1. Once you put a point 7 Å from the Cα of residue 187 and another 7 Å from the Cα of residue 390, both along the Cβ direction, what distance in nm separates them?
2. What is the sum of charges around residue 195, taking Lys and Arg as +1, Asp and Glu as -1, for the other residues whose C-beta is under 10 Å from the C-beta of residue 195?
3. For a quick protection proxy, order the peptides 285-292, 127-134 by their average other-Cβ count within 10 Å, most packed first.
4. Show me the ranking of peptides 577-590, 504-517 by mean Cβ neighbours inside 10 Å, starting with the highest.
5. Which value, in Å to one decimal place, does the Kirkwood hydrodynamic radius take for region 393-443 when every pair of different Cα atoms is included?
6. Quick one: plug the Kirkwood hydrodynamic radius of region 539-621 (C-alpha pairs) into Stokes-Einstein at 25 °C, 0.890 mPa s, and report D in µm²/s.
7. How big is D, in µm² s⁻¹, for region 153-236 by Stokes-Einstein at 4 °C and 1.567 mPa s if Rh is the Kirkwood radius over C-alpha pairs?
8. Can you work out D for region 415-570 in µm² s⁻¹ from Stokes-Einstein, where Rh is the Kirkwood radius over C-alpha pairs, the temperature is 20 °C and the viscosity is 1.002 mPa s?
Amino acid sequence: MGDRGTIWLWRFDQGIVTERRFLRGQPQPGDNWRKVAESIYSYAGDIYQLSVRFRDGRLAARGQVESENVRESILNILGSYEFAGEVRTVIEVTARFKSATTHRHEATQRPPSDAPATDLSNSVERFPAITAFDVPKPGEVFRFSVNLLRSKHQWTIGDSVVIRDLDSDWSDLDLAVEIVSQELTFEAGANVGTIKIIRNADSVAASFEARVSSDTASQSVLIDAVFHYNGRYSGRARRDFELVNVSAPGASTSGVPHRAPDGVIDVDRKADSPELLLAILSASQPNRYIFYCTAPKARKAGGKGASGIVDLGLDGGQKFAQSLLVECPTLPPKCHESALRGIGERIWQSVPSVFKDVYWDLREEIGPNFPIQIVTDEPYVPWEMMRPDEGDNPDEHDHLFMSHPISRWCIDFERGMPNTFGHGIIATCVPEYRSGATLPAAREEEAFLVSSYGAKKFGNTCGEFKSFWTTKLPEDHVTLLHFAGHGYPAMDGQPARIRLSDGDVSTNDIHSGVTLGKRDTTFVILNACDVGSSDVKLGLVDNWASKLTERRFGGLLAPIWKVQDETASMVVRDYVTNLMDGDTVGNAMLIARVAGRRASATPFAYICYGDVMARVAQAVK
């Protein structure tokens, strides 16, 4: 290494390293300097510029960074270099520079956060950050890191991760992270890493290297980082890097946020984990989704970090699901299972082979009936209904939701998926309709909840329903909120809605003033039947689920097509009984579905949102 001169220069713009080069005495890849550089890369989002010189036997650093914490961390990193000697620095802490040219993403930027808080003795909160070491170019190697920072990262989309119930003397913990991207190709196992979270200090990032597809039709590299702690889904971070054509090195490389992260992913360190996590994430191209599955016990198929692509065609998921389910509401009782089997097999045929490999591998390792958690931003296709059609005797197979505890969650509002529902009351609403439209079985359903669990009625008018979860919250903790009546999907510009005795309550009525979910993480049951319609109500469940999840409700059970009154009531009564008797959200619904499957297509219509392993607190064993 030379005695004088700049050895390393770093410039940073729009969240991307735009220049990083050695001017003299470049160390070889195996040199200790590479470790130093990679450690500095983990702070890329907070470094504006940095140059390092080797002068008179000492390292000298000059630059601008966003916080004192980052400045001190860089000093410590440089001091670890074997040739460093005494480190001299002129590193300024400065506010983020705003150029005269307004970039297209700046309207969604957040102001710089305050200094990180001290970690509590039994919990830790960190914010995801995906940082590029290089500018992504088709056909070339792209290097990046994923970290969990002590303050919000400007360019990464993702809610903060909070891990609770730690030992009071904890010092560090490992959080697994797995990368999913349609545009990147990894060596086997290279998309899996570990982030080390250190108490009251900066985390150690996970670094990745992959090759950008040379024939991608996308204009960007979309990276999803999926976090796991002790096998439980613990959140997702996302960042979109625009591709730079090799022949156009000056192209923009800014990342465009999809939404500002403002929520929290609570991770219960002691909670049970499902055996299979299936994340279905939108890819960078329209109507294409990445099937990503994690199953640590699936050994042969490489269940950790396995992913593939499903293409739902030009018309997308809604049309695909509509074509599958259009006849479901009119299937005659006791003559329905053949058609539903065919639908389930068509869904199975559409999924990537990597999922099938992991599924069969897991069955071989631990047997059938293991719990499955789906997290997705694809709202229409009932993936739970898929049924394998392979092997010498396909009659032995069954729909996933008839053989496994299974539940899904809206990944766009992933915060607030509770593992436990607090002990409290069941609140019930069964409207009295005019002209004899009240559902007899709904009345019996309500009477069952009152007699068996002391459920409390809270009225059946629009005003009573709206005030119950906004301005007139009950003193009691509300474990379950139950509605049985008529409901209608979103269509013709109208929002999804349920019918009360004097009008409708729609998804537009779920807003920031609805605070019941935030207070109690209440699980909602909408046993809503669409009167006089044979349309598949694909919009009903998703519209309610996404809105309720956004307002911190803990889950939802509802049908996706018109259901028979008596059978629907039986399904809900069985479900509540199983849940209150100690079953998990997923297993309670599995038992209720199987019990009524021979009677009609109704048990097949229900979709359950929530943590598949969640239980009511009083029933925790």
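Every read-out reported here was derived from the displayed coordinates using simple, explicitly stated rules and does not represent laboratory data. Nothing here was measured: the structure is a model prediction, and the numbers come from that model. Cβ atoms come from the backbone with ideal geometry, glycine included; neighbour counts cover every protein chain shown.
1. So the label points at residue 187 and residue 390 sit 2.9 nm apart.
2. +1
3. 127-134, 285-292
4. 577-590, 504-517
5. Roughly 16.3 Å, rounded to one decimal.
6. 187 µm²/s
7. Here the translational diffusion coefficient equals 89 µm²/s.
8. Calculated translational D: 137 µm²/s.
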